[in-house]
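Structure record follows, encoded as structure tokens.
Any read-out appearing in this document is the output of simple, stated calculations on the displayed coordinates, not a laboratory observation. Source: prediction; values computed, not measured. All Cβ positions, glycine included, derive from the backbone under ideal geometry; neighbour counts span all protein chains shown.
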Amino acid sequence: VQATAEDGQTDFYTLPVGIRTVRVTNTQFLINNKPFYFHGVNKHEDADVSDTRGQQNQTQY
């Protein structure tokens, strides 16, 4: 990711990643034969979209 400010300053973040295999079993999602645990799924960042539960259910969580 690279970001450049109006004054020309640039900031960047590099993360080397090597994905060789992706596999799904009945109970796991595996990347390179290691379990991958999802965090923060089911949330949309668009304010007018909310999430898949809907606005009416937001207060109970």
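Would you be able to tell me the number of residues in the range 1-30 that are part of a loop (DSSP other than H, G, I, E, B), over 19 Å from the mean Cα position of the chain (by Cα) and either acidic (Asp, Glu) or surrounded by 10 or more Cβ atoms within 10 Å (Cβ to Cβ) (or both)? Result for the range 1-30: 2. Among the residues of the range 1-23, the one identified as among the small types (Gly, Ala, Ser) and either in contact (Cβ under 8 Å) with a residue 40 or more places away in the chain or closer than 26 Å to Phe36 by Cα (or both) is Gly18.
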